[in-house]
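Undergrad: Structure incoming, see below.
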Amino acid sequence: MLRYVRRLRAVMLMCVAGLVLAGTPAAAVTQTAQATAKPPFQLPFPCGTTWEMHTWAHNPALDIVVEGNTGSDGLPVQASAAGTVSATYWNNGSGNTIQISHGNGWFTAYYHLKDDPATYVKKGDVVQPSTRIGRIGTSGASGWAHLHYEQRYLATGDFTDESHRVPVHFDGIEYTGAAKDWPSVTSRNCTGTPAAWQDCPSGYVCFYSGADGTGTVCRSAGDQAASTCGLRKSFFNNGTPQPGYDHVQVGFKEGGGACLHFGWDEGRGNLPAGGRTIESFHWRGEC
């Protein structure tokens with residue numbers, strides 16, 4: 001008898017569970033599954049920087065500027081989470097645009113970037129939260145410097161559009177709602193170490209002030225007979241060398257110089273005469 005009562009109770013519980021699920025809209029079940037699998041998105045900006053965000057008429061997308069909107073043009077944009085660049089393209093509305101796939105159907109989209117969308121990353125590149133993918137700009141149908149940012153979900157495929165937008169979450173907090181704004185949000189995009197040379201586009205020579213290949217930088221894709229690089233520690237990286245030009249000859253104001261070779265140690269580290277004033281540099285096949 002006791003065994004029969006236990007079996008009957010188990011059947012009743014299963015029936016109740018089935019009724020609950022049957023009464024739950026399929027969309028709600030799908031949304032719950034999506035929320036569970038959503039990546040740990042962070043603000044797409046360097047750790048510790050503060051930003052203001054607005055949905056305006058774009059909800060659930062966001063328009064983002066530096067806190068106080070004191071000048072956002074040219075500020076760096078990073079990936080929101082680890083993933084793979086699924087598209088880099090120009091659109092008359094969104095301008096220079098990048099889309100990143102974060103796995104399990106999740107994507108992010110970045111609009112109005114300042115530079116050609118393939119300047120810092122290209123389709124197929126694997127990125128981390130610390131990876132710089134571009135700079136804030138005004139490209140496309142944008143009359144002011146800001147980042148238009150979207151989180152999207154599409155279970156299949158590797159390209160999404162605005163119909164796949166979902167509410168934005170940063171650091172586990174939801175930022176959504178029509179005509180809402182958040183005047184001060186701090187980026188917690190703090191995992192990993194920024195990659196050295198991350199500010200140096202492919203085909204450029206770059207000189208950094210930081211000993212790790214970060215910090216103040218000047219760059220050029222061609223000769224500079226009168227460089228404005230000034231006093232630097234003189235770190236160098238030229239990404240993919242120009243065809244036929246894989247050396248850069250550097251001249252110092254104090255006299256002498258150095259020859260940098262793409263792919264060699266001296267091409268990605270401190271110049272032998274680091275800390276001197278770079279007066280000129282010239283791209284060469286050989287030095």
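Undergrad: Among the residues of the range 134-164, count how many are closer than 20 Å to residue 65 by Cα and either part of a loop (DSSP other than H, G, I, E, B) or touching a residue at least 60 places away in the same chain (Cβ under 8 Å) (or both).
TA: Initial filter on the range 134-164 (closer than 20 Å to residue 65 by Cα): 134-151.
Right, trim to either part of a loop (DSSP other than H, G, I, E, B) or touching a residue at least 60 places away in the same chain (Cβ under 8 Å) (or both) and you get 135-151.
Qualifying residue count, the range 134-164: 17.
Undergrad: Can you name every residue in the range 49-65 that is assigned to a strand (DSSP E or B) and over 18 Å from residue 151 (Cα atoms)? Before the answer, list the steps.
TA: Residues of the range 49-65 that are assigned to a strand (DSSP E or B), as a first pass: 50-54, 62-65.
Of everything in the range 49-65, just one residue is assigned to a strand (DSSP E or B) and over 18 Å from residue 151 (Cα atoms), namely 50.
Undergrad: May I pose another question? Looking only at residues that are open to solvent by 70 Å² or more (accessible area, probe 1.4 Å) and not in a strand (DSSP E or B) in the range 263-275, which one is modelled with the lowest pLDDT? I'd like the intermediate steps shown before the answer.
TA: Here is the first cut: in the range 263-275, the residues open to solvent by 70 Å² or more (accessible area, probe 1.4 Å) are 264-265, 268, 270, 272.
Then keep just the ones that are not in a strand (DSSP E or B); that gives 264-265, 268, 272.
Working: 264: 48, 265: 45, 268: 49, 272: 55.
Taking the candidates together, the pick is 265.
Undergrad: Now, a different point. Could you check, for the range 145-154, whether at least one of its residues is acidic (Asp, Glu) and exposed (fewer than 13 other Cβ atoms within 10 Å of the Cβ)? It would help to see each step written out before you state the result.
TA: Taking the range 145-154 as the starting set, the residues that turn out to be acidic (Asp, Glu) are 150.
Going one step further and asking which of them are exposed (fewer than 13 other Cβ atoms within 10 Å of the Cβ), we end up with none.
Looking through the range 145-154, none of the residues is acidic (Asp, Glu) and exposed (fewer than 13 other Cβ atoms within 10 Å of the Cβ).
Undergrad: Have a look at 97, 50, 55, 84 and point out the one that is in contact with an Asp or Glu (Cβ under 8 Å, 6 or more places away or on another chain), of a type in the set (S, T, N, Q) and buried (at least 18 other Cβ atoms within 10 Å of the Cβ).
TA: So the residue among 97, 50, 55, 84 that is in contact with an Asp or Glu (Cβ under 8 Å, 6 or more places away or on another chain), of a type in the set (S, T, N, Q) and buried (at least 18 other Cβ atoms within 10 Å of the Cβ) is 55.
Undergrad: Now for a separate question. Can you confirm whether residue 109 is in contact (Cβ under 8 Å) with a residue 24 or more places away in the chain, surrounded by fewer than 17 Cβ atoms within 10 Å (Cβ to Cβ), out of contact with any Leu (no Cβ under 9 Å at 6 or more places or on another chain) and not in a loop (DSSP other than H, G, I, E, B)? Don't jump to the end; show me each part of the working.
TA: Details: in contact (Cβ under 8 Å) with a residue 24 or more places away in the chain: yes; surrounded by fewer than 17 Cβ atoms within 10 Å (Cβ to Cβ): no; out of contact with any Leu (no Cβ under 9 Å at 6 or more places or on another chain): yes; not in a loop (DSSP other than H, G, I, E, B): yes.
Criteria not met by residue 109.
Undergrad: Still on this structure, I have one more. Those residues that are in contact with a Ser or Thr (Cβ under 7 Å, 6 or more places away or on another chain) and either of a type in the set (A, V, I, L, M) or surrounded by fewer than 17 Cβ atoms within 10 Å (Cβ to Cβ) (or both), I need them from the range 33-45; list them, please. Spell out how you get there, then give the answer.
TA: The initial filter retains those residues of the range 33-45 that are in contact with a Ser or Thr (Cβ under 7 Å, 6 or more places away or on another chain), namely 41-45.
Within the range 33-45, 43 is the sole residue that qualifies.
Undergrad: Do we find a residue being acidic (Asp, Glu), at pLDDT 95 or above, touching an Asp or Glu at 6+ places or on another chain (Cβ under 8 Å) and not in a loop (DSSP other than H, G, I, E, B) anywhere in the range 66-77?
TA: Checked against the condition, which is being acidic (Asp, Glu), at pLDDT 95 or above, touching an Asp or Glu at 6+ places or on another chain (Cβ under 8 Å) and not in a loop (DSSP other than H, G, I, E, B), the range 66-77 yields no hits at all.
Undergrad: Go through the range 112-128 and give me each residue that's closer than 26 Å to residue 191 by Cβ and open to solvent by 20 Å² or more (accessible area, probe 1.4 Å).
TA: Hits for the range 112-128 are 114, 115, 118, 119, 120, 122, 123, 124, 125, 126, 128.
Undergrad: A further question follows. Taking the criterion of being assigned to a strand (DSSP E or B) and modelled with pLDDT under 90, would at least one residue in the range 208-216 satisfy it? Reasoning before the result, please.
TA: At the first step, the residues of the range 208-216 found to be assigned to a strand (DSSP E or B) are 208.
From what is left, the residues that are modelled with pLDDT under 90 are 208.
Yes: one or more hits.
Undergrad: Just give me the residues in the range 165-178 being part of a strand (DSSP E or B), open to solvent by less than 60 Å² (accessible area, probe 1.4 Å) and either in contact with a helix residue (DSSP H, G or I) (Cβ under 9 Å, 6 or more places away or on another chain) or not hydroxyl-bearing (Ser, Thr, Tyr) (or both), in sequence order.
TA: Applying the first criterion (part of a strand (DSSP E or B)) to the range 165-178 yields 165-166, 168-170, 173-175.
Checking which are open to solvent by less than 60 Å² (accessible area, probe 1.4 Å) leaves us with 166, 168-170, 175.
Once the filter is applied, which keeps residues that are part of a strand (DSSP E or B), open to solvent by less than 60 Å² (accessible area, probe 1.4 Å) and either in contact with a helix residue (DSSP H, G or I) (Cβ under 9 Å, 6 or more places away or on another chain) or not hydroxyl-bearing (Ser, Thr, Tyr) (or both), the range 165-178 yields 166, 168, 169, 170.
Undergrad: I've got another one for you. Among (1) open to solvent by 50 Å² or more (accessible area, probe 1.4 Å); (2) at pLDDT below 90; (3) not β-branched (Val, Ile, Thr), which single condition is residue 199 missing?
TA: Only one criterion is unmet by residue 199, namely (1).
The values are calculated or read from the model by the stated rules, or taken from the named source; none is laboratory data. Quick caveat, the model's predicted, so the values are computed rather than measured. Cβ: placed from backbone, ideal geometry, glycine included. Neighbour counts: every protein chain shown. All accessible areas refer to the heavy atoms of the entire protein, side chains included, with ligands and DNA or RNA removed. Shrake-Rupley method; radii C 1.70, N 1.55, O 1.52, S 1.80 Å.
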